[in-house]
Each structure stands twice: as structure tokens, then as C-alpha cells.
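A.B. asks: Quick one: the structure is below, questions incoming.
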Amino acid sequence: MNFDTRKYVIISFFIITGLMYGIKLFYMQVVDVDTWKLEAQRIAEKRREITPPRAVVFDRNGNKVVENKTYYNLMMVEEEMIDFDTLAFGKLLGMTKNEVLDRIEAIKEGEGKYYNPHTKKKQTNYQRIRPYAFLKELTADEMSKIAPHLDRFHGFYEEVTSMRNYPYSSGANILGYLSEVNQREIDNDKFYKPAYKIGRAGIERFYEKEFRGKKGVKYIITSARQNTVGSFEDGKYDTTAVQAKGIVLGLDIDLQAYGEELMKNKKGCIVAIEPSTGEILAMVSAPSYDPNLLVGRKNINKYYPKLVGDLNKPLFPRPLASEYMPGSTFKLLQALIGMQEEVIYPNSGFPCNKSVVGCHNHASATSVTEAVKHSCNPYFYAVTRRIIQQGKKKSSFEDSHIGLNIWAKYMHSFGLGVKLKTDITGLRAGNIPDSKYYDHWRGKGQWKFSAIRSISIGQGEVQLTPLQLANVAAIMANRGWYYTPHFVKSIDGKGPHPEYLVKNRTMVDTKYFPYVVEGMRRCVHEPGGTAPMARIPDVVTCGKTGTVENFKLVNGRLIKKPNHSVFIAFAPMDNPKIAIAVFIENSGGGGGTWAAPTASLVIERYLKGEVKSKAKEKRIMDAKLSLWK
Amino acid sequence: MRKNDSITGSFDWILFGLYLVLVVFGVSTIYSVAYNPENPSIFSFDEIYGRQMMWVGISLFLGLLVFLIDSDIYRKFSIPIYLFCLALLIIVLFMPPINGARAWLGIGPFGIQPGEFAKIGTAILLANYLSSFNVKQQNGRTVLVSLAIIAIPMLLIILQPDAGTVVVFTAFFFVMYREGLTFDPIVLKIVNIIPGVRFKSTWLGTHFIPILFVVVFLLVITLIVGHTPLLFDAYPGHEFSGYWRMFAALLTTAIIGYLLMRWLFSKRDARRAFIVAILGFSMSVLLTATVHSTFKSLPSHQKTRIELWLGIYEAEEGTGNVGDGADYNRRRAMTAVGSGGFTGKGYREANIANTKTNHVPECETDFIFSPWAEERGFIGSLVLVVIYSIMLLRIVAIAERQRSKYNRVYAYCVAMILFYHFAINIGMNIGLVPIIGIPLPLFSYGGSSMMSFSIMIFLLLKLDSQRKDVLN
């Protein structure tokens, strides 16, 4: 029998196999090539994003207020941990053997679990071959003690990170702090990845985009163990990370620190503005905290709950968000509006009759200037009555309705009752009541001036933030206009934002201001004025005190609490350099007792660089006010 | 017996040329894959390319040695050589295991694998047995003795265990088939048990080996390909299930097979070829459908076991692999091959199949086709497939021109062993064959495989060069 034809079976096996493989290769490498190219990219090419350190912040004098400090993470890769001596390692880190093991266990569990459809089991995201931070955010000092011994422990290495540092430890409520992004932020903005830091408060939050800089991208080739093997195509597509340019604030960090010193053991605020530019020189919120306490996850975990739980609310930015009744400082505005509306004249006089509102003992004011000096309650009651009930309608109810709205419009032009466009988050608008407000609370046509008279002396429903009040001081200094108060002077030499170069005019003509301003001068410098303690040698200061009565509802009964002490001022009288508002909560006494001297100390410090009135300084610093808890 | 004056006699330069081309391609790929800038010299023995150069040198020396010895010696000493190989296979079982198998004899990188050399010993003895004068091809006894010659080393290798080499030993079944050995007596005995059935011969028994091969191959392919549906990016929602792909592939194969048979056979046979194609196609479809439905009806734990064996899923534990763990090795190798594209990424530009990135494990040995395909693209891959195919056809041509049956059987043994290695190795790199760890002949890194394939081919060249001296 001849089996030679069987060679064809074998030959056809060879040929069919060759053809089949050729076809399959053609399919894979030519037809379906994109699928595999994508898969190859997914496997071996990694896009590493490099986040630059955040922008450095300077104050108006070029002092570095916020900088970046290098920190280290101690990384571990379990797969590479050979002959791991937990005892010796723990000793190096100051931990016990069990603590080391617990930490590793915590890392494994902390990575979360997911459902694996292949094994049909829930399994952890943790992988032996990936690096995880065994210890986070070690300082250079701590790391220098560990690093020399790390070669004994395979699988451990150091990684450099950067964190914020605040050399002055002040201005926390202005600067804000950073913390890790949450899932919503990751979803909303592609810039963020898990564990990225984002500005959580203050200007860090408001200027997040300006602070974070431009990310760099590096395309690398990675191994199956996720190690970098080389750069992709010699870095042809790589871009470098660009740190955001330096940010210069209008803040004077020395003044800020001094203000915080003065406000120790008190609750309240100091806001100082440079009237000619609208730059905020200092914004003290008392009590405050050291911004370095909220740097890094470790610190945040430790201190944040304490700060949140503190009954004095150090995290609360009072100057921006705390709405106070302005008290007598409000009278300046009533006088100006009255003159502008021509319901009073600079030399109008009203008797201090104390019939409707109380007053302290002084001679009846015969002019606006004198009324401001004495802060005469009946005078301003009368002025405001004339503003609000101008006699345009027969019914005094309807008349008040119209008058109040005119009055509110004036107030809005002073930046009150509206949110200022200041470059910080957490601002509140305060409250300037208008007809709608009272219609809502009291019923339409159910109220007239006599019902709402408290607003004439800055009590009742009127509420403003200290920042707004400081802006009023700046308006006084400028005699009728203001630049929106702002923090950032320039970014990368450019600035400020065009919005802050727009002069906002109030509805009161400049010609009416000198009468009020003169009253403010007398208030400080003349006998019988309410703020003699605000005097500074060689400087003409204009100021106005406020004493805010406040009540609190406790168990259904109104309890009168100690007065707030308020003072607004600017100096010098001609060509003013600083406008200021000071609030001291529940200090007792009047505006002249606590707020006025505090303001004068800040002004003195700013204008002269030092404070000569040591006795005054000591008195303020030693004072423990505001029902301190 | 007449001796040729020239030592080379009528030397087959084509086969030798193909051999050299493959060796050079192989070393260049190993160099690319394992390139270490600290030891850039190809002769640096600290690196695997340096060691491979050494193995190539040793292999060429052994080849020369084989060539210098008279070819008759191998025939006469076929039984001692075979027994020596068996002895080595027994000794190796007492060696310490490396990677879970007692396959290595010797120390470290200079060890040898007796399993590789046992193929040669078996080939020589099988050739010797089948060419003996007293062997009748149609005899059941012949089949059993041949099977025994193949099965003894196979069993010893199973004990190591080295599944890949065991599979390769089934290559000898095809040689038996070519030589007319038939399983018909065995099949008939079973079939004729059925009352009323009296077959004199069955087609199944006569062509038992190739049919078995086709059945196993289709079974495996069905299970692998049937799992992965083809998705069209342009038409989301439309998918082409793996079984439809199988159907399409079978249809294509049937048409190509029919055309080939028409071309190869005489006109009279063309009609028969048509019937064979139709019959083969419908049987394959039936088989595929059966496998599919059987597999679907299996309990899930058995499914998983089969999937693991096929390499569709890889056991996750201890692999250290990143990612899903499913089908890891095959998928990585396929990624390397597929991402090569038409022209490839360029020499030493492979990112996936690279010992440094190590995305494809064993990319210098079992998976060496993937760096080659990644770097040289479709053109390079096709060139390699064509070279191997030409080499195989050349060996068949050499086999068929032999006067001595001994030479022919040996040549077919070489052809079939090379075919198995080629088909399995490249097949698993392109996802057509389950992962079976055997090297790509003359290409993969490794001393034993280099030496054994070299000896195999040089012995063939020697036999061929002296073919005219032999009287059948």
C-alpha cells in the first residue's frame, strides 16, 4: 500500500496553520490595531500629572506671608519588604511592633473594597506592589533621623511633598487653609484627583484657580510593577508644571499681627482699609488661630475638631460674616442723608429732650457737627424721622413706606445691606430694612416711623458687618466715595482686578461730608467728645463711637447682655492713610472705652511704625473682655 | 556501501540558510528584549544575550560534530541513544525542582533539559523501528510498539511535570500516520462489537490522528474564541459573538481548503475534495455547536476549571499581577503583538514585551514572538510565519526525496516537532492556543532547546547529504 498521498494531509496542516496565523496576525496588527494600541497605552504608558507648589503670598511690604515647605512621606511597598524587622523598624520610628503591624493593616483596609466580577468576591483595592504612605507629612527634621537607616528596611523609601507654611502665624481668617478635595470637587473639576489639596477658606479658596498654577504632564513607560522605566518618546509630549506667580496682598502683616495681639482674650474685629486704594491693611477676627495648625492631614485631623468645637468660634470670620448692629456710628450716615435730602441743614438744631429716646447729658446740638460730636440720640431720631416721613403722602404710614425706601437706597450706596464684592469667601450682606422687610414682618401698612425708630441710632433691625463699617470709615475719609475693599493688590505684577479700580460714589454729595467729618474730629479731639481715648499725639484723627445695646433671648426672657463697643475712625484728617472699624463684643462700657483706644493704637502703629502710648497699649492688651469662655 | 568524497555531499543550503536566519533573528530579539546599557556587548555573559551567543556557538560546534560522524552510526546506536535519554529523564526526577518542575539537569543557567534531547532519541528509535524490514504497517502490534516508544519518555516527562513537552511528543503520531500506521484494527474491534455491524475498514480508523487533531484543535479554539465577542466601535450595541466568528472562520477555512485541494489534486479527485470540504465543514460546525452547548451546561466550578486550564482566566493569587488577573499572560502577549501595528514600533522600542517593563512575562523564552511582533509589526510577524512555513515545507520536501525509510521517518519527526513548537508557540502569542510553555525553535532563549533543535537539524542535514549513499 502506498501512503505517499498522506504527505498532502501534513502539507495542508502546515499551510492552513500558516494561513490561519497570517490572517489572525493581519486582523490583530492591521485591522484591529487601535484596540491593541489603546490596550498597550493603558498597560504601559502612564500619564503622570505633576502639580506645582501653590503660589507664594507676600504682604504689601514684600514679607512672605504664605510659603511652601518641603515635607516627606515615608512610603512602603509590601512586595519589596524582605526580611522586615518590625521591632527594629518600630524602634526607629518610635512605635511598638504592634503599632507598626496595625498601621500596615490600616493601610490595607483603608484602600476600600470592591466587587471583583471574575472571582465573584469582594476584595480590597490594596495591592502589594503599589507604594502607600506608611507615615505622612514628616518634617525634614523627623525624616533626617529616619532616612540614614532606611537602607536596612527594604521596601521603604521617602517621597517629597510640599505643604503650606505661615511664617507669621497670623491672618488665619484671611488666608484660609487647605484640605483634601472631596468627591464632588473631583467630579466637577478635572484638575483634582484624590488626595489633592484645595483652598477651603479665605483667599486660598477665593483665588483657588490663581493659586494652584498649571499642572505639568509627564508621559512615562511603566513596568508591570508600576515602576517608571523611562519617558515616553523621550518626553516629546511632556509639559512642565508651572507654579502660579507670586500674589501680593494689600495686607500689612505686622499691623495684622499687632491687631491680633491687641484683641487677645476678646471677641471682636478690627478692619483697617487704605481709603485711597480700598486695600485691606488688616482684618483681625478675634479669637483666631495659628494657620499652621491646619497644615496637612495630620494637623487637620488633630486640630480641626478642637477649633470647630471651641465655643469662641475661632474659625468663624467675624469681620466678614458677623452681623452687628452698628450703634451710634450709624448716625454719621443719617446726618449725611438728611443733608442730601435737604430735610435738615448743616446748622439745623434739635433739642436733646430725651422724650422718645434716651441720651446722656450734654448741651443741645445746634448743628450737625455738634450733634455728631455729642452723638445725640434725640437729634438723630429727629433727623431720621424727617428722612423717612417727608410728608409726601397724607397718610404717615404710606409716607414712611416711601421714605424708608429712599433711605435704604442711600444706605445701599454706602455698601450696606448688600454684599461687597470683596475677594474673599464667607461675606454676608448685613441688613438694611426696607418697606418690603417691614411689610413682611409687621404687615403691609401696619408700620410707620415711630414703630421702627430704633434704626435711627443704629439699633433694631439694622445690621452690618465690620468690613462694611470699615468701608463706611473709608467713605468718610474719601468724603463720598470708595473702592471696593479687597485683599489682593497684584498677581504676577498685574493688578488689582479692574473691578477694584472702579470708584463707587455714594448718593451723598462731597460738599456735605466736611460737616460730619469735622464732627468726627471733635468727637476725638474736643472736650465733651465721646472718644478722647482715641487721641494720638501729632495726628488728627476723626472717629465716631458706638455703644451697641444687645439682648439675648434666654428661656423666653430677654436678657440684656453687656454692650458691644464700636468705633470707626480714619486718620490723618487730611489726606487719610487709614480707615478703621473696631468691634469688641460684650465688652461693657461704651465705644470710647475699649474700641476707640484699640483703634487708635492700630492707627498709631500704622502711621508711626511704633506705639508710644504704652500705658494705653498695656490696658488694652491686659483686658479680658467679651464674656471669654 | 559507497562513500561520498565530499564531507558535505549534496548539502541542503536552503534549510541551513533558514536555520541561520532564525538563529540571527532570535539572538537579535533577545538582545533587544534584555538590553542592558551597562553591558552593551552582545558577548557579555552577564546578560542573557551573551549567554545565548554562547549557546549558539556550542550548538554550531555540536552540529559540526554531528556532521562529522557517519550517519549510519545514529541508526545502529539508536537503541543506546534512546536508553541514554531515558536514563537522563529518570535521573532528572531526583534533581531539586526549579519553578515546580524537575526538568533541569546541572547548575543554574548552565543546566540542560533532558526532555528536549529525549525528542531526538525518540525520533531516532522510531525511525529505526518503522524502517526495520519485519515491520508491517497495517499491524496492530506495530502501532502498539510505536506508541510504547513514544509513551515511555512521555510518561517520564509527565512526572517532572512538563506539560508542554508532553504535548510535543504527540507530534510523533503524525509521523506514524504518514508512514501508514493505522488505528483501524483497534477502531474496528470496538465498532464491530455492535451486533450486525461488520466493517472491513473505517475512515475514522485510517485517518484517526489528523481527525483527532482537528477535533482537539477545534474544541480548544471554540472554547477560547467563543468567549470573546467581537465589538464594533462604530456601531455600539452590535456585537458579533465568538461563536459566529468561529462559524465564519470555519467557512473561510473550508473554502480555502477546498481551493487548495482542487489545486493540489488531480481533476478526478476534485469532486471528492468538494465532498470532503462540505463534510469537514458540517462536521466542524456540529462539533463547535456541541462543544458550546456542552460547555454552557456544565456546572460553574467545572467551567472555571476548564477556563483556568485554557488560560482564559488565570488564578489570581500570588501572581503579583496588576489588573483583572483574567487571561493575563495571553492578553498581555496579544497586546504586544497587536500594538505592533503594520510596521512595528522599531528595534528595541518594545514597551510591552520587554524584560524591563515585564508586562509580558517570559518574553525572552516562551513569549519571544511578542517582542518580535511588537517591534517588527505585521510585516515582521508575517516574515517569521512564512520562514517557519517554508522551513517546514522544505523539510517535508527533504523527507520525500529520501531513499531510505529511516531518513524519511526521521525527517518527518523533525518536521512535526518543529511544527508543534511553531504552531503552539506563535498560536499562544496570538490567542489561538492555550498557554503551553514551549520555546519557539531556534529563536527563544535557552541552551537546551537551542542545542537540541540544532542537533536535530544538523542530523537531518547529514542524513540528507548522504541520502544517495544509502540503499533502501
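The values are calculated or read from the model by the stated rules, or taken from the named source; none is laboratory data. As the structure is a prediction and not an experimental result, all values here were calculated from the model. Don't worry about glycine lacking a Cβ; one is built from the backbone with ideal geometry, like all the others, and counts go over all protein chains shown.
A.B. asks: Could you please find all residues in the range B:370-386 being touching a residue at least 40 places away in the same chain (Cβ under 8 Å), more than 10 Å from chain A (Cβ to nearest Cβ) and of a type outside the set (S, T, N, Q)?
C.D. replies: The answer is B:Pro371, B:Trp372, B:Glu375.
A.B. asks: Looking at the range B:388-416 only, could you name the residues that are under 18 Å from the mean Cα position of the chain (by Cα), surrounded by fewer than 24 Cβ atoms within 10 Å (Cβ to Cβ) and more than 10 Å from every other protein chain (Cβ to nearest Cβ)?
C.D. replies: B:Arg394
A.B. asks: Considering each residue of the range B:354-364, count those that are over 22 Å from the mean Cα position of the chain (by Cα) and either at pLDDT 90 or above or more than 9 Å from chain A (Cβ to nearest Cβ) (or both), and give that number.
C.D. replies: 1
A.B. asks: I'd like to verify a number: residues in the range B:151-208 that are among the aromatic types (Phe, Trp, Tyr) and surrounded by fewer than 17 Cβ atoms within 10 Å (Cβ to Cβ), how many?
C.D. replies: Count: 2.
A.B. asks: Somewhere in the range B:5-22, is a residue in contact (Cβ under 8 Å) with a residue 60 or more places away in the chain, hydroxyl-bearing (Ser, Thr, Tyr) and within 17 Å of B:Ser448 (Cα to Cα)?
C.D. replies: yes
A quick yes/no check of all residues on (1) away from chain B (no Cβ under 14 Å); (2) among the aliphatic types (A, V, I, L, M):
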{"residue": "A:Thr17", "(1), (2)": "no, no"}
{"residue": "A:Ile23", "(1), (2)": "no, yes"}
{"residue": "A:Asp32", "(1), (2)": "no, no"}
{"residue": "A:Lys46", "(1), (2)": "no, no"}
{"residue": "A:Lys69", "(1), (2)": "yes, no"}
{"residue": "A:Met76", "(1), (2)": "yes, yes"}
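A.B. asks: On to the next question. Residues of the range B:387-403 being free of Cβ contacts under 8 Å to residues at least 60 places away in the same chain, more than 21 Å from A:Gln29 (Cβ to Cβ) and of a type outside the set (A, V, I, L, M, F, W, C), which ones?
C.D. replies: Correct list: B:Glu400 only.
This table checks each residue for (1) surrounded by fewer than 23 Cβ atoms within 10 Å (Cβ to Cβ); (2) of a type in the set (Phe, Trp, Tyr); (3) out of contact with any helix residue (DSSP H, G or I) (no Cβ under 8 Å at 6 or more places or on another chain).
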| residue | (1), (2), (3) |
| --- | --- |
| A:Ala172 | no, no, no |
| A:Glu180 | yes, no, no |
| A:Phe191 | yes, yes, no |
| A:Val217 | yes, no, yes |
| A:Gly230 | yes, no, yes |
| A:Asp234 | yes, no, yes |
| A:Gln243 | yes, no, yes |
| A:Asp252 | no, no, no |
| A:Ser276 | yes, no, no |
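A.B. asks: In the range A:395-435, what residues are part of a loop (DSSP other than H, G, I, E, B) and in contact with a Phe, Trp or Tyr (Cβ under 7 Å, 6 or more places away or on another chain)?
C.D. replies: A:Gly415, A:Asp423, A:Ile424, A:Thr425
Each row is one residue, and each column tells you yes or no for (1) under 30 Å from B:Ile398 (Cβ atoms); (2) loosely packed, with under 15 Cβ neighbours inside 10 Å; (3) touching a helix residue (DSSP H, G or I) at 6+ places or on another chain (Cβ under 9 Å).
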{"position": "A:Asp4", "(1), (2), (3)": "yes, yes, yes"}
{"position": "A:Ser12", "(1), (2), (3)": "yes, no, yes"}
{"position": "A:Ile15", "(1), (2), (3)": "yes, no, yes"}
{"position": "A:Val31", "(1), (2), (3)": "no, yes, no"}
{"position": "A:Lys37", "(1), (2), (3)": "no, no, yes"}
{"position": "A:Ala40", "(1), (2), (3)": "no, no, yes"}
{"position": "A:Asp59", "(1), (2), (3)": "no, no, yes"}
{"position": "A:Val66", "(1), (2), (3)": "no, no, yes"}
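A.B. asks: Now, a different point. Tell me, please, whether a residue that is assigned to a helix (DSSP H, G or I) and either in contact with a Leu (Cβ under 9 Å, 6 or more places away or on another chain) or more than 11 Å from chain A (Cβ to nearest Cβ) (or both) can be found in the range B:430-445.
C.D. replies: Scanning the range B:430-445, I find no residue that is assigned to a helix (DSSP H, G or I) and either in contact with a Leu (Cβ under 9 Å, 6 or more places away or on another chain) or more than 11 Å from chain A (Cβ to nearest Cβ) (or both), so the answer is no.
A.B. asks: Can you pull out the strands (runs of 3 or more DSSP E) entirely within the range A:471-590 that have at least 1 residues that are crowded, with 21+ Cβ neighbours inside 10 Å and of a type in the set (Gly, Ala, Ser)?
C.D. replies: Once the strands (runs of 3 or more DSSP E) in the range A:471-590 are filtered for at least 1 residues that are crowded, with 21+ Cβ neighbours inside 10 Å and of a type in the set (Gly, Ala, Ser), what remains is A:542-554, A:557-571, A:578-584.
A.B. asks: Within the range A:379-394, can you find the residues that are more than 18 Å from A:Ser367 (Cβ to Cβ) and of a type outside the set (D, E, K, R)?
C.D. replies: A:Ile388, A:Gln389, A:Gln390, A:Gly391
A.B. asks: Residues of the range A:507-550 being closer than 19 Å to A:Gly358 by Cα and of a type in the set (Asp, Glu), which ones?
C.D. replies: A:Glu549
A.B. asks: Among what's in the range A:166-207 and is touching a Ser or Thr at 6+ places or on another chain (Cβ under 6 Å) and of a type in the set (D, E, K, R), pick the residue that is nearest to A:Ile247 (Cα to Cα).
C.D. replies: A:Arg205
A.B. asks: Could you list all residues from the range B:141-190 that are within 14 Å of chain A (Cβ to nearest Cβ) and touching a residue at least 60 places away in the same chain (Cβ under 8 Å)?
C.D. replies: B:Thr170, B:Ala171, B:Phe172, B:Phe174, B:Val175, B:Arg178, B:Glu179
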